[in-house]
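A short worksheet on the structure shown next.
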Amino acid sequence: MERKQVLLISLLCASTMLWAQGQEQTASPRPQQWDPKSTEWHYPVPPKVAPAKAPGAPPADAIVLFNGTDLSQWESADRNNPGPIAWTVRNGELIIAPGKGSIKTKEFFGDCQLHIEFKSPPPGQHDGQNRGNSGIMMQGRYEVQVLDGDNNPTYVNGMVGSIYKQKAPEVNAYTNNGEWQVYDIYWKAPRFGTGGELESPAIVTVVLNGILVQNNYVLKGTTPYTGMPTYTAHGRMPIALQDHGTEVAFRNIWLRNL
Ligand code: MG
């Protein structure tokens, strides 16, 4: 063997040894050997729920809050005028009777999935917050704004799709005045400790006409017209619909407890 060849082989051997040493020093510990079955579980089995046959219709496990005729799920939210609601039912629509007060569900709710459709009245001479204003009051105190969003400028954290005075929608997904608008609201109720302290805030996802407008928004508290949001301890509460003086119509209201 020539001297050059010997030198080359020696160099190769030396560098291989050095490389192997380096590998030993940096190699991670042997990965744990998982049994694939150890990360699979079989209980509890999620219940089977039959989806609706038509898009937007209530699935099998939904509580139907308004089906076009029956008002038995609702009562007046006006403390001075409790009892049956004074809103109008016409052609399968539940229409606000302006000045007759807001309404609320008799049943109390926490985490839920709420489907509700609304139609703004003709705009007339009204603008901004006076054009088709209503609201879906989650647990009676956190407002997902209902407003005519058809060429109707107003403050953006008060437009349709907003969490009132807290968060503007990601986009304006309203179509046209006179057309039905479809809200799907996914609500995680706030949690409070035994001393009344806030343990976890409310979180909401809102889809308007199939378009995401609020994405897991963490609420700062209630949604007052004046002042800042606050939290006051509460449990399950009714859902309310706001009377803001215009004849907004609602239909196809259903809810799933989560
Ligand atoms: Mg409102």
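The values are calculated or read from the model by the stated rules, or taken from the named source; none is laboratory data. Since this is a predicted model, take the numbers as computed values, not measurements. Every residue, glycine as well, gets a Cβ built from its backbone with ideal geometry; the counts of neighbours run over all protein chains shown.
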Looking at the structure I just gave you, is P98 in a loop (DSSP other than H, G, I, E, B) and either surrounded by 17 or more Cβ atoms within 10 Å (Cβ to Cβ) or away from the ligand (no atom under 14 Å from the Cβ) (or both)? no
The lone condition N152 fails out of (1) crowded, with 18+ Cβ neighbours inside 10 Å; (2) touching a strand residue (DSSP E or B) at 6+ places or on another chain (Cβ under 8 Å); (3) assigned to a loop (DSSP other than H, G, I, E, B) is (2)
Exception for Q139 within (1) within 14 Å of the ligand (Cβ to nearest atom); (2) crowded, with 19+ Cβ neighbours inside 10 Å falls at (1)
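If we only count strands (runs of 3 or more DSSP E) wholly inside the range 159-258, which ones have 2 or more residues that are assigned by TED's automatic domain parsing to the domain that holds L114 and touching a Lys or Arg at 6+ places or on another chain (Cβ under 6 Å)?
198-200
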Would you pick out the residues in the range 104-159 that are acidic (D, E) and in contact with a Leu (Cβ under 7 Å, 6 or more places away or on another chain)? D111
Among the residues of the range 88-108, is any closer than 20 Å to G235 by Cβ, among the aliphatic types (A, V, I, L, M) and in contact (Cβ under 8 Å) with a residue 12 or more places away in the chain? no
Residue list for the range 101-122, filter: away from the ligand (no atom under 16 Å from the Cβ) and either part of a loop (DSSP other than H, G, I, E, B) or not assigned by TED's automatic domain parsing to the domain that holds I211 (or both): K106, E107, F108, G110, D111, P122
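For the range 225-258, what are the residues that are more than 30 Å from N91 (Cα to Cα) and surrounded by 14 or more Cβ atoms within 10 Å (Cβ to Cβ)?
Going residue by residue through the range 225-258, those that are more than 30 Å from N91 (Cα to Cα) are 225-236, 258.
Answer for the range 225-258, where residues must be more than 30 Å from N91 (Cα to Cα) and surrounded by 14 or more Cβ atoms within 10 Å (Cβ to Cβ): P229, Y231, A233, H234.
Is it fair to say E107 is at pLDDT 95 or above, of a type in the set (D, E), buried (at least 21 other Cβ atoms within 10 Å of the Cβ) and within 28 Å of P201 (Cβ to Cβ)?
Working: at pLDDT 95 or above: yes; of a type in the set (D, E): yes; buried (at least 21 other Cβ atoms within 10 Å of the Cβ): no; within 28 Å of P201 (Cβ to Cβ): yes.
When the stated conditions are applied, E107 does not pass them.
Within the range 173-210, work out how many residues are in contact with a Gly (Cβ under 7 Å, 6 or more places away or on another chain) and crowded, with 17+ Cβ neighbours inside 10 Å.
6
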